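What follows is a single structure, written as structure tokens, with notes after it.
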Amino acid sequence: MTYIDEFPTEAKIIRWHWGVAFAALGIGGLFGLIQALFRTGYFRDALPITAAEYYTVLTAHGVLLALVFTTFFICGMFVWALTRSFDRELHDARIVWAGFASMLLGTVLATVAILNGFAPGLPFSDSSVLYTFYSPLKAHPAFYIGAALLIVGSWVVGADYFLTFREWRADNPDSRIPLQAFMVLTTWIMWYLATLGVAVEVVFFLIPWSFGWIETVDPLLTRSLFWFFGHPVVYFWLLPGYVAWYTILPKLAGGRLLSDPLARVVFVLFVLLSTPVGFHHQYVDPGISEGFKAIAMTNTMMLLLPSFLTAFTVVASMEYGARRRGGKGFLKWLRSLPWGDPAFAGMALAGLMFAAGGFSGMINAGMNINYLIHNTIWVPGHFHLTVGTAFALTAMATTYWLYPQLTGKQLQHRTLALIQPYLWFIGMTLMSNAMHRGGLAGIPRRTAEPIPDGAGAAVFDPVFGTVSEIQLQIAVGATLLTTSLALFLIVVTGTWLSRPRAGALRVNGDIPDALSGPEDSPRVLDNLTLWAAIAVLLVAIAYGFPLWSMVADGLLSPGSAPIPV
Ligand code: CU1
């Protein structure tokens, strides 16, 4: 049975979520190309934007891709993972539709507010505050209300996940939570905890401030509340990628997941450690004690553990699949993997790039080495490997496999679908590598101006390459990435518009059991309340005192109390 036959309502819900996600992906991706060409100086004069509008384009790119595309894609994908693994319908589909409506309204409001930046004077203009929206940059209230509706909508969707879980639990009091459902629920526990920070920032400070109801806000406090959310949001992006790598990828490789218990441990570690780390984005902020920055650094480094466990488990599962397909040798088995399958190739290449992103992430997280790259183009170089590839490319690969099951249609333009992940891989290698090198040489992030050729030549050459070489690689990389994105959208649109084929050509959506199943792990792993409680406790330890010291001198005080030595 294909998913759509068994769960027609849910399949429709997912298609709508993904429709919005892919529209955001197309528009946001195009803005990315404009931005890359403008700031590297290629066709700068031919592009229809000014230096001021660069920040409108930058904000739209970040919001549409990092916040809108991700959230809609994930909310939809998790409906599939939950209902498939529970083998039951949603508790109440209307709840998810209500969440979807809220997210869509929020997206429209925020996008209009951002795009009005092209026409100063329109009622909603002046919202080029970037996707990291903290004070002192101030947007129109419509932007903040839009952001709030997007987040609240995702909470509502998640509520239905938990209601579905409760219903399933009542019918299966002694069963272990199926792995995919476990992953969905733990990710959402983390999401509820993480979004509290940004919700407080937006609802209590930024919205009243942008309406003029309060005159000042404390920039340090609102930044800290943003980054309370701003780090765990990267795991909100990453964990759905892990869901695909743990559950779909081993099957595509021709094998089975090596260990279900290890996968559970990984997700529990993310619940515990994702949030009490946000201060690693604020190493250069005054007003936060070094000790609390050091705690954040330690927790961040601990987060490497679940990612290393994932690398081990996923690669081992792929090797198992390759050997079952006849692969031999120490590394020769790699050749037996199905590199001609776009879904497999996309996920495997995304995983490979994520390893590189993990290494540059360690440098971001190191308290002293971070100073070298802070606010440089290294940082977007890093997160284009993580959210921009580990998540985005995995999402596209997942679509190649899952979309036919949601529509009863056959994937169209298979050749284009196969070229797409490789093109993404090449484009991202060029762009991200050049951004990392440029950042090391001191090129700042968030600037509209290209670096003049020859500037700081002594710093660049020969270690980092010349400025013009770095800018060229960024421009070529961004062009290849946008081409790859266009291929993806052609494949999906072509599939969407094609006629359904009865029976035959359908994808087998079953997911084989793990080699080592849940029965090999202690039951306490499934105690979601316990892990949520410990996570809250860790957040209280990491954030309680610093946040208290920020509000002790007055909630809206723009200054910060000096730290006693
Ligand atoms: Cu972070």
Give the number of residues within the stretch 112-127 that are closer than 20 Å to E201 by Cβ and at pLDDT 85 or above. 2
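So which residues in the stretch 365-383 are among the β-branched types (V, I, T), more than 12 Å from the ligand (Cβ to nearest atom) and out of contact with any strand residue (DSSP E or B) (no Cβ under 8 Å at 6 or more places or on another chain), if there are any at all?
Just the residues of the stretch 365-383 that are among the β-branched types (V, I, T), to begin with: 369, 373, 376-377, 379.
Now narrow it down to the ones that are more than 12 Å from the ligand (Cβ to nearest atom): 369, 373, 376-377.
Answer for the stretch 365-383, where residues must be among the β-branched types (V, I, T), more than 12 Å from the ligand (Cβ to nearest atom) and out of contact with any strand residue (DSSP E or B) (no Cβ under 8 Å at 6 or more places or on another chain): I369, I373.
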Can you pull out the helices (runs of 4 or more DSSP H) entirely within the stretch 453-565 that have at least 1 residues that are at pLDDT below 80 and open to solvent by 80 Å² or more (accessible area, probe 1.4 Å)? 457-460
Which residues, taken from the stretch 271-297, are within 14 Å of the ligand (Cβ to nearest atom) and of a type in the set (S, T, N, Q)? S274, T275, Q282
Hey, could you check the stretch 408-424 for residues that are crowded, with 21+ Cβ neighbours inside 10 Å and farther than 18 Å from A253 by Cα and say which is modelled with the lowest pLDDT? L411
Mind counting the residues in the stretch 20-50 that are part of a helix (DSSP H, G or I) and more than 21 Å from L472 (Cβ to Cβ)? 9
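So in the stretch 340-359, with the set limited to residues that are away from the ligand (no atom under 16 Å from the Cβ) and open to solvent by 30 Å² or more (accessible area, probe 1.4 Å), which one is farthest from the chain's Cα centre (by Cα)?
Step one: of the stretch 340-359, the residues away from the ligand (no atom under 16 Å from the Cβ) are 340-353, 355-356.
Subset that is open to solvent by 30 Å² or more (accessible area, probe 1.4 Å): 340-341, 352, 355-356.
Working: G340: 26, D341: 24, L352: 16, A355: 15, A356: 16 Å.
In this case the residue turns out to be G340.
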For the stretch 414-452, give me each residue that is touching a residue at least 40 places away in the same chain (Cβ under 8 Å) and among the small types (G, A, S). A417, G427, S432, A434, G438, G439, G442, A448
Which one of L272, L249, L337 is closer than 29 Å to T429 by Cα and within 20 Å of the chain's Cα centre (by Cα)? L249
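Condition first: away from the ligand (no atom under 15 Å from the Cβ), among the hydrophobic types (A, V, I, L, M, F, W, C) and farther than 30 Å from W168 by Cα. Can you find one or more residues in the stretch 233-251 that meet it? Walk me through it before giving the result.
Of all residues in the stretch 233-251, those away from the ligand (no atom under 15 Å from the Cβ) come to 240-251.
Subsequent filtering for residues that are among the hydrophobic types (A, V, I, L, M, F, W, C) retains 243-245, 248-249.
With farther than 30 Å from W168 by Cα added as a condition, the list becomes none.
No, the stretch 233-251 contains no residue that is away from the ligand (no atom under 15 Å from the Cβ), among the hydrophobic types (A, V, I, L, M, F, W, C) and farther than 30 Å from W168 by Cα.
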Quick one: in the stretch 223-232, which of the residues that are hydrophobic (A, V, I, L, M, F, W, C) and open to solvent by 10 Å² or more (accessible area, probe 1.4 Å) is nearest to the ligand (Cβ to nearest atom)? W227
Please go through the stretch 308-334 and give me each residue that is crowded, with 19+ Cβ neighbours inside 10 Å and within 20 Å of the chain's Cα centre (by Cα), ordered by number. T310, V314
Residue under question is M362, and the condition is that it be within 16 Å of the ligand (Cβ to nearest atom), assigned to a helix (DSSP H, G or I), more than 26 Å from F73 (Cβ to Cβ) and in contact (Cβ under 8 Å) with a residue 24 or more places away in the chain; does it hold? yes
Filtering the stretch 1-42 for residues that are among the hydroxyl-bearing types (S, T, Y) and at pLDDT 95 or above leaves a count of 1
Quick check on this structure: which one of L64, L82, L90, L104 is within 30 Å of E53 (Cβ to Cβ) and open to solvent by less than 20 Å² (accessible area, probe 1.4 Å)? L64
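Would you be able to tell me the number of residues in the stretch 360-382 that are of a type in the set (F, W, Y) and surrounded by fewer than 22 Cβ atoms within 10 Å (Cβ to Cβ)?
1
The values are calculated or read from the model by the stated rules, or taken from the named source; none is laboratory data. Since we're looking at a predicted model, the values are computed, not measured. Counting neighbours? That spans all protein chains shown, and the Cβs are built from the backbone with ideal geometry, glycine included. When the accessible area is computed, the model is the full protein with side chains, heavy atoms only, and any ligands, DNA or RNA have been set aside. Shrake-Rupley method; radii C 1.70, N 1.55, O 1.52, S 1.80 Å.
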